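Participant: Just dropping this structure here.
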Amino acid sequence: MTMISVNEFKNGLTIEYNNDLWRIVEFQHVKPGKGSAFVRSKLKSLRTGAVQEYTFRSTAKVETADIQTRQMQYLYNDGSSYVFMDTATYEQLEVPNAQIDQEAKYLKENMIVNIISHNGETLGLDLPNTVDLKVVETEPGIRGDTSSGGGKPATMETGLVVTVPFFINVGDVLTINTSDGSYVSRSK
C-alpha cells in the first residue's frame with residue numbers, strides 16, 4: 001500500500017479510508033481567505049455503493065487501495081448468484097444477486113464486463129458506458145403525439161424499465177446509458 005497526499009486526488013482513484021474502500025467520485029481543493037486549505041471530496045463505497053462527502057486537511061495522507069480488475073464473460077443467473085467466466089483461464093466466479101443488484105439490469109448473456117476485486121474479495125463489476133438492449137414491451141406510438149416532448153415507459157429484455165420517445169416500438173434495439181439508465185438512441 002502506498003500513501004498519497006489528498007492533493008493528488010483524481011476522479012476514479014480508489015483509496016482505503018475508515019476501514020472501507022472508496023472510489024473518488026468528485027473532489028475540490030478549497031483555499032479560504034482565512035485558515036488553512038482543505039480538500040472537499042465525494043467518495044463512493046465499493047462495498048455498499050453508498051456515496052458520502054468527506055473533508056480532508058490539505059496536509060492529510062490516505063492509503064491507495066490495490067484493486068484488481070479482471071475481464072470476464074457473464075454466463076447466466078442460477079437464481080441466487082450471477083456466474084461469470086474468465087475468458088483466459090475458463091475459471092468461473094459466482095457473485096451473489098444482492099452484490100450487483102443495480103448492475104444486473106444491464107447484463108445480457110455472453111456480455112464482457114470487468115470484475116473488481118481487492119485481496120481476493122469480489123467488490124462488484126464495471127459495466128461499459130452504454131449497452132444495447134431490445135424492447136420487449138411498450139405501448140404503441142400514437143401518430144402526432146410528439147408536441148409534449150415527453151416519453152413512454154418501455155420494458156427491456158433484462159427487465160429494466162426506461163422512458164423512451166413515442167416513436168419506439170416493440171423489437172427495437174436501443175442504446176441505454178448504464179450510469180443513469182436513460183435512453184441514448186436507437187442502435188444501428
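The values are calculated or read from the model by the stated rules, or taken from the named source; none is laboratory data. Every value quoted in this text rests on a predicted model; they were computed, and no experiment measured them. Because the Cβ atoms are built from the backbone with ideal geometry, glycine has one as well, and the counts that use them run over all protein chains shown. Note: accessible area is taken over every heavy atom of the protein model, side chains too, but ligands, DNA and RNA are not part of it. Shrake-Rupley method; radii C 1.70, N 1.55, O 1.52, S 1.80 Å.
Participant: Roughly how compact is the range 87-139, stated as its Cα Rg over 2.2 N^0.38 Å to two decimals? It would help to have the intermediate numbers written out before the result.
Facilitator: Working: Rg = 13.3 Å, N = 53, 2.2 N^0.38 = 9.9 Å.
Against the compact-globule rule of thumb, the ratio is 1.34.
Participant: How high is the relative contact order of the chain, in percent, with contacts defined as C-alpha pairs under 8 Å that are six or more residues apart?
Facilitator: Working: 389 pairs, mean separation 25.9, N = 188.
For the chain, the relative contact order is 14 percent.
Participant: For the range 19-64, take N as its residue count and report Rg(C-alpha) divided by 2.2 N^0.38 Å. Walk me through the numbers on the way to the answer.
Facilitator: Working: Rg = 11.8 Å, N = 46, 2.2 N^0.38 = 9.4 Å.
Computed over Cα atoms of the range 19-64, the ratio equals 1.25.
Participant: Give me the Å³ per residue figure for the convex hull around the C-alpha atoms of the range 2-146. Before the final figure, lay out each step's value.
Facilitator: On the way: hull volume 24.6 nm³, N = 145.
It is 169 Å³ per residue.
Participant: Separate question: Considering only protein heavy atoms and a probe of 1.4 Å, how much of the accessible area of the range 31-88 is carbon and sulfur, as a whole percent? Could you put the intermediate results ahead of the total?
Facilitator: Working: 1580 of 3470 Å².
That share works out to 46 percent.
Participant: Projected area of the range 97-188, taken from the Cα convex hull and averaged over every viewing direction, in nm²?
Facilitator: For the Cα atoms of the range 97-188, the hull's average projected area reads 6.8 nm².
Participant: Of the candidates 28, 102, 92, which one comes out as most mobile in a Gaussian network treatment of the chain with C-alpha springs shorter than 10 Å?
Facilitator: Of the options given, 28 has the highest mean-square fluctuation.
Participant: Right, something else. Which value, in Å to one decimal place, does the Kirkwood hydrodynamic radius take for the range 60-148 when every pair of different Cα atoms is included?
Facilitator: Details: mean 1/r = 0.0645 Å⁻¹.
Final number for the Kirkwood radius of the range 60-148 is 15.5 Å.
Participant: How long is the gain from residue 88 to residue 172 if the chain were fully straight, where each residue apart is worth 0.36 nm and the alpha carbon distance is subtracted? Display every interim value, and only then the final one.
Facilitator: Details: separation 84, 0.36 × 84 = 30.24 nm, distance 3.35 nm.
Between residue 88 and residue 172, full extension yields 26.9 nm more.
Participant: Once phi is turned into ³J(HN,Hα) by the Karplus curve 6.51 cos²θ - 1.76 cosθ + 1.60 with θ = phi - 60°, what whole-Hz value does each residue of the range 52-59 show in order, with x for glycine and proline?
Facilitator: For the range 52-59, the Karplus-derived couplings read 10, 9, 10, 10, 10, 5, 5, 8 Hz, x marking Gly and Pro.
Participant: If packing is taken as the average count of other Cβ atoms within 10 Å, what order do 113-120, 31-38 fall into, highest mean first? Don't jump to the answer; show the numbers that get you there.
Facilitator: Working: 113-120: 15.4, 31-38: 9.0.
Listed from highest to lowest mean packing, they are 113-120, 31-38.
Participant: Once amide H atoms are placed 1.01 Å from N in the peptide plane, what residues at a sequence separation of 5 or more from residue 164, or on another chain, have their amide H within under 5 Å of its amide H?
Facilitator: Here the answer is 152, 154, since their amide H atoms fall under 5 Å of that of residue 164.
Participant: Grab the other residues whose beta carbon is less than 11 angstrom from that of residue 185, score K and R as +1, D and E as -1, and report the net. Write down the numbers at each step before the final one.
Facilitator: Values: positive: 186, 188; negative: 132, 172.
Summing Lys/Arg as +1 and Asp/Glu as -1 gives 0.
Participant: So which of 44/188; 42/108; 10/31 end up more than 25 Å apart, counting from Cα to Cα? Don't jump to the answer; show the numbers that get you there.
Facilitator: Details: 44/188 34 Å; 42/108 31 Å; 10/31 18 Å.
44/188; 42/108, as the Cα separations exceed 25 Å there.
Participant: I've got another one for you. Need one number: nm distance between label points at residue 136 and residue 157, each 7 Å from Cα along Cα→Cβ, rounded to one decimal.
Facilitator: With each label point 7 Å from Cα toward Cβ, the separation is 1.0 nm.
Participant: Right, next: From the residues 119, 129, 98, which one has its Cα farthest along the dipole of the range 91-130 in the positive direction, the dipole being from +1 and -1 charges on Cβ of Lys/Arg and Asp/Glu about the Cα centre?
Facilitator: Towards the positive end, the residue furthest out is 129.
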